[in-house]
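First the structure, in the form of structure tokens, and then the observations on it.
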Amino acid sequence: MTTTPADTGRAGSVLRHTAKKERPAPVVRTAPRRNAAGHDLGTVDLEPTVFGLTPNRAVLHQVVTAQLAAVRAGTQSTRTRAEVRGGGAKPFRQKGTGRARQGSSRSPSMSGGGVALGPKPRSHAKHTPKKMVRLALLSALSDRADIGRIAVLDEWGIEEPDTREAATILGKLKLKGSVLVVLANDQINLALSLRNLPEASITTHAELSAHDVIKADWLLFSDRTLPTSPSDFSDTHVVETVEPGPVEPGSAEHGPGKRAAKAAKTEPAKKAGQAKKTAAPAKAEAAAAEAPPAEKPRATRKTNAVEAEATPEDEAAPTAPAGEAPSEEGDADA
């Protein structure tokens, strides 16, 4: 690997050169191709952008470490002195015993006490950028292709779940050790046939990871599942960039257009609210007009007796308003 100085920068009194690393171009590698009977059908050229890269061991180590950490359950736990039952009473008196003073028998320094700074349930997952995950997977595939641990099968020929037939095909292929079989998403019968074999493990393009690749001794593809470009994997391995199109001045994405669009959306709601407010009094007036007239209260014996006791003089006598003293003429008459 060669380095070329790109530019020069000064940090303190040390002169440092930032070098740009030039990676070698991808190479074309081949893999043996066989049929279900174990007969050789020649070789097949593997995609250079997938199987012909120079493995980046640093990125591969970091990604595999993160994948193994994400598998951890993280359920380990210990009890602190507050969570251990008991210990509410002072175990012995403060002075006179010759021992160190203690306030609880559940102290971490005593037998049967809590644990100081012990493990608690937590997540061990680590964030890994998508580009690093993609580079680690391609590095693992390129490493397996470099050492000749990739095989290609033309067709399985299994229409129904048959574990015995799947074991026979794997035996005829003469792949020693553990085998990672890459299947398509709709090959359910083949997955049912291989899932009980201890030497075989199954996966798909979407579930293929760098750890699974380096863990297996052999990778077995078929003509249907052999990747032809990095885009054959799931979106977690390939980053797609979408270029934004031109924005028209009068469109909704433009600044003034956004305000106009928002005003156009809120205007019908405002009109509907005003119509409801004006319609409410009109409905109340219509309901009052349609309502029947109120009935006069019926006269009872008590009200008739009170009206009979009232005299015409009492009705004619004026009454002084509240808060005013009676006149002098009225006092003289009294």
Check THR204: other-chain or 5+ apart residues with amide H under 5 Å from its amide H, H built from backbone geometry?
LEU183
Coil-residue trypsin sites (Lys or Arg not before Pro) of the stretch 34-102, DSSP, other Cβ within 10 Å capped at 14:
ARG72, ARG79, ARG85, ARG93, LYS95, ARG99, ARG101
Karplus couplings for the stretch 160-167 from phi (6.51 cos²θ - 1.76 cosθ + 1.60, θ = phi - 60°), rounded to Hz, Gly and Pro as x?
10, x, 8, 5, 5, 5, 5, 5
Identify the residues of the stretch 181-199 with backbone N under 11 Å of a label point that sits 7 angstrom from the Cα of ARG224 along the Cα-to-Cβ direction, or state none.
183-191
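Throughout, read-outs are computed from the coordinates displayed, never taken from laboratory work. Not measured: the values here are computed from a predicted model. All Cβ positions, even for glycine, are placed from backbone atoms using ideal geometry, and neighbour counts span all protein chains on display.
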